[in-house]
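Visitor: Below is the structure I would like to discuss, written out as structure tokens.
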Amino acid sequence: MDDIERYKEKLIEEDTPPDEVEEAISTLIELNDFLTEKKKSMLEINKQDFYDFSNMLIEEKKNTEVAYKTIIGFGHFTNNQNLILLGREVFDGREVMENLSKRLTEEYSKEFRDNIFQDLDVPPLGIDPKIKPDYTKKLIGQLVKKIGEKESEKFLAKGLRDSYYEFRKPDRELFLKSKNIDEFLKEKRKRQIKALEKYRDEGTLYFTQPINNEAVEYVKNDPRIEVGVRDGNIIRAIKIPHETIKFLNEKDEKMKAYYYCHCPYAKEAIKDGTSDEIPTVFCNCSGGYYKSYWEIVLDQPVEVKTVETVLKGDPYCLFEIHLPEDVVKNLD
């Protein structure tokens with residue numbers, strides 16, 4: 001409890017609004033009491049503990065952004081990497097189903113959206129990841145049934161994640177300063193390796209995963225990872241595994257796919273053996289994530305094709321970014 005009191009003092013010193021301080025400390029006390037009943041400390045919390053607590057927050061209608069951001073903040077304050085990781089996981093892809101609902105209404109109609117969602121609501125913040133694939137199976141299955149595979153692919157290829165424009169804007173500025181696309185890719189790769197080495201050296205998380213020497217070397221040895229390799233007007237890129245260290249040390253192919261997959265609305269289905277129930281067209285949403293990035297960098301429309309995915313049984317998720325003609329002119 002001493003850590004909670006010190007964290008409260010920190011929030012007050014930072015001029016956090018009083019109502020947020022009250023909510024934050026209430027969340028931490030409730031979490032501490034919850035774990036005490038399990039004869040555990042904050043340092044001993046595991047994924048099941050976290051989502052048991054999260055389910056309680058949902059039932060009590062206390063599953064707010066402040067609550068989960070408090071858990072992340074307290075994790076940083078106490079150097080508790082488990083709390084940071086679990087808290088961040090809540091926000092990873094949280095907008096996907098909200099954006100699906102919004103875009104179905106905007107591009108079709110409210111009636112069409114309701115027909116797809118039927119008796120489902122947008123999943124609440126903090127929902128157990130094991131439940132998320134059920135939404136994908138039902139909603140994307142219904143979408144394919146209504147508009148077909150091809151139209152579903154086009155719809156999903158636009159992406160369901162937010163654009164994160166401010167986060168990606170610096171890459172647009174770096175592209176404008178680069179001599180050409182090849183120089184931009186080369187420098188982007190250097191920055192990526194340097195960033196991973198920093199996470200490794202500091203012992204901090206790269207989004208929701210730790211990084212070690214093995215992970216850094218894995219990325220160094222495959223220039224397609226995240227950055228991509230240009231061949232004519234196509235950049236071929238593959239994702240870094242979502243849990244790289246576990247992926248590299250896993251022998252079971254199903255679990256390797258699970259540790260590789262980034263999608264919070266599909267990956268648990270890989271683990272429980274029901275991934276064949278998820279329409280693989282859904283993976284085009286990941287292509288949309290790259291599409292959004294490259295359209296910000298190049299400031300013009302870009303086509304991205306989702307070529308291979310672990311959900312389909314491939315060893316990795318491969319995407320082809322089709323560059324506009326003016327970007328590759330006079331390069332080869």
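Visitor: Per residue of the range 273-289, in order, report the coupling 6.51 cos²θ - 1.76 cosθ + 1.60 (Karplus, θ = phi - 60°) as ³J(HN,Hα) in whole Hz, putting x for Gly and Pro.
Guide: Each residue of the range 273-289 in turn: x, 10, 4, 5, 8, 9, x, 5, 4, 4, 5, 5, 4, 5, x, x, 5 Hz.
Visitor: In nm, to one decimal, how far is the Lys39 label point from the Thr64 one, both placed 7 Å along Cα→Cβ?
Guide: 3.5 nm
Visitor: Using the per-residue mean of other Cβ atoms lying within 10 Å as a proxy for protection, in what order, highest first, do the peptides 100-108, 32-40, 156-164 fall?
Guide: 156-164, 100-108, 32-40
Visitor: Mind telling me which of Asp299, Asp19, Asp92 comes out most flexible in a GNM of the chain, alpha-carbon contacts under 10 Å?
Guide: Highest fluctuation of the listed residues: Asp19.
Visitor: Using Cα Rg over 2.2 N^0.38 Å as the read-out, say which of [x] 1.06; [y] 0.96; [z] 1.32 was calculated from these coordinates.
Guide: [x]
Visitor: With θ set to phi - 60°, apply the Karplus curve 6.51 cos²θ - 1.76 cosθ + 1.60 along the range 146-158 and write out the HN-Hα couplings as whole Hz, x wherever there is a Gly or Pro.
Guide: Residue by residue, the range 146-158 yields 7, 10, x, 5, 5, 5, 5, 4, 4, 5, 6, 5, 6 Hz.
Visitor: From the backbone phi of the range 188-196, what are the Karplus-calculated ³J(HN,Hα) couplings (6.51 cos²θ - 1.76 cosθ + 1.60, θ = phi - 60°) in whole Hz, Gly and Pro given as x?
Guide: The phi angles translate into 4, 5, 4, 5, 5, 4, 4, 5, 5 Hz.
Visitor: Starting from the amide H of Val307, placed 1.01 Å from N in the peptide plane, find each other amide H under 5 Å away whose residue is 5 or more places distant or on another chain.
Guide: Under 5 Å from the amide H of Val307: Leu318, Phe319, Glu320.
Visitor: Would you calculate, for the chain, the mean residue ellipticity at 222 nm contributed by helices, counting each DSSP H stretch of 4 or more residues as -39,500 (n - 2.57) and dividing by all residues, to the nearest 500?
Guide: -18500 deg cm²/dmol
Throughout, read-outs are computed from the coordinates displayed, never taken from laboratory work. The structure presented is a predicted model; accordingly, all values stated were derived computationally and were not measured. Neighbour counts run over all protein chains shown; Cβ positions are idealised from the backbone, glycine included.
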